[in-house]
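Engineer: Submitted below is the structure of interest, expressed as structure tokens.
The values are calculated or read from the model by the stated rules, or taken from the named source; none is laboratory data. Bear in mind the structure is a predicted one, so any value in this text is a computation, not a measurement. Note: ideal-geometry Cβ built from the backbone for every residue, glycine included; neighbour counts use all protein chains shown. Heavy atoms of the whole protein, side chains included, go into the accessibility calculation; ligands, DNA and RNA do not. Shrake-Rupley method; radii C 1.70, N 1.55, O 1.52, S 1.80 Å.
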Amino acid sequence: MPTKSITMSENGRCAYQGSLNHWIYPALGDLKMPDITPANISSLLLSMQSKGKAHATCVKVYTILHSLFKMAYMSDAVTTTPMDKAERPKLRKGEPKDKELESYAIEDVQRIFEALEQKPLKWQVLMRLLIDIGIRRGECCGLRWQDVDFTANTITIFGNLCYTPQKGIYLDTPKSGKVRTIDVDPEIIHLLSKLRHEQAAQAISKYVFTQQNRPEPMHPQSPARYMQKFSQRYGVPSLHPHKLRHTFASIAITNGADVASVSKKPGHSDKAVTLRMYTHADQESMRRASQIFRDALKKSNQA
């Protein structure tokens, strides 16, 4: 898989290798590629489903196998591919098609803000940034002071802090591959200014969010661990960086923001991604949409 390895991100390579080590090699590793049959592939996928593995996990393994055999076929290592006769995993009866995207309501966000007032400044700023602009936790952990414009009230996302066991902590490009500048609540910019002075008294760092009394950037998995404890202490159910990120888009869209503008803040590759992720709407937003339609008809009839 040399070609695949070159084109994938470090996180992608780690996940790819994990699927190979955990599922594919134990089941098919003793066989040569030309000897692997559609029955072997189907047996592996059915075994995964019988163990209750998620549909997405089974599809990922199927996709990796499809990719491997395609590369082997294109390089003449095999003359046929068993994937032509191996069926893509189907959803089990009763298994949900897509896990509903979770987010918080405005009242929940206000409760989180109230609880945050008792927490260290670093965590106040980090969690409020996740909610206010919907950036990824790795983008938040990779934020540098030079990326903050205290005059224009903006931050620019240049990187995404990642971690893999093989490489450790490293700064990668944003997931979308695009640098983007985002407006930030002036109140959060003020908190960032306070954090900068607080941090300078402990350790000089180019990173906004650092390890305790050290200049190294915060581990990208630290926000999730911190929020788990926060969730238990303050009774905020299932608090997670992804849920805060989704909260921004959910509240913005259900309160009338256009999808094209909303999609730019979280860094979605295009607005179609935002539409797929946030198709749910509450009763109030659906009622409002109906009323907008009726009002438009009335105006047309009066013209």
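Engineer: Can you put 42, 238 in order of accessible area, largest first, using a 1.4 Å probe? Present the calculation step by step, with values, prior to reporting the outcome.
Structural biologist: Details: 42 40, 238 75 Å².
Ranked from most to least accessible, the order is 238, 42.
Engineer: Could you derive backbone 3J(HN,Hα) for the range 140-147 from the dihedral phi with the Karplus parameters 6.51, -1.76 and 1.60 (θ = phi - 60°), listing whole Hz in sequence and x where the residue is Gly or Pro?
Structural biologist: Result, ordered by residue: 5, 5, x, 5, 10, 4, 5, 8 Hz.
Engineer: Another question about this same structure. Let's see if you can work this out: charge +1 on each Lys and Arg Cβ, -1 on each Asp and Glu Cβ, no other charges. What is the dipole magnitude of the range 97-206 about its Cα centre, in debye to the nearest 20?
Structural biologist: That gives a dipole near 580 debye.
Engineer: Please report, for the Cα atoms of the range 64-188, the Rg to one decimal and the Dmax as a whole number; what are they, in angstrom?
Structural biologist: 22.0, 65
Engineer: Test of understanding: what is the full-extension gain from residue 151 to residue 80, defined as 0.36 nm times their sequence separation minus their Cα-Cα distance?
Structural biologist: Full-extension gain reported as 19.4 nm.
Engineer: Now for a different question. For the range 116-169, how big is the tail of P(r) above 12 Å, as a whole percent of Cα pairs?
Structural biologist: 69
Engineer: In angstroms, what radius of gyration and Dmax does the range 18-112 have, counting Cα atoms only?
Structural biologist: Just the Cα atoms of the range 18-112 yield Rg and Dmax of 18.0, 61 Å.
Engineer: Follow-up. Assuming R0 = 45 Å, can you tell me the calculated FRET efficiency for the pair residue 51 and residue 114, based on Cβ-Cβ distance, to the nearest 0.05?
Structural biologist: Using R0 = 45 Å, I get an efficiency of 0.55.
Engineer: Can you tell me the convex hull volume per residue for the range 162-210, based on C-alpha atoms, in Å³ to the nearest whole number?
Structural biologist: Values: hull volume 5.3 nm³, N = 49.
It comes to 108 Å³ per residue, whole-number rounded.
Engineer: Quick check: convex hull over the Cα atoms of the range 11-56, volume per residue in Å³, rounded to an integer?
Structural biologist: 87
Engineer: Using 1/(1 + (r/R0)^6) with R0 = 22 angstrom and r between the beta carbons of residue 91 and residue 24, what's the FRET efficiency to the nearest 0.05?
Structural biologist: So the FRET efficiency works out to roughly 0.55.
Engineer: Going by amide H atoms built from the backbone, whose H comes under 5 Å of the H on residue 172, apart from near neighbours?
Structural biologist: Correct list: 160, 161, 162.
Engineer: So if R0 is 45 Å, what FRET efficiency would residue 233 and residue 67 give, r being the distance between their Cβ atoms, rounded to the nearest 0.05?
Structural biologist: Working: r = 44 Å, r/R0 = 0.98.
Result of the calculation: an efficiency of 0.50.
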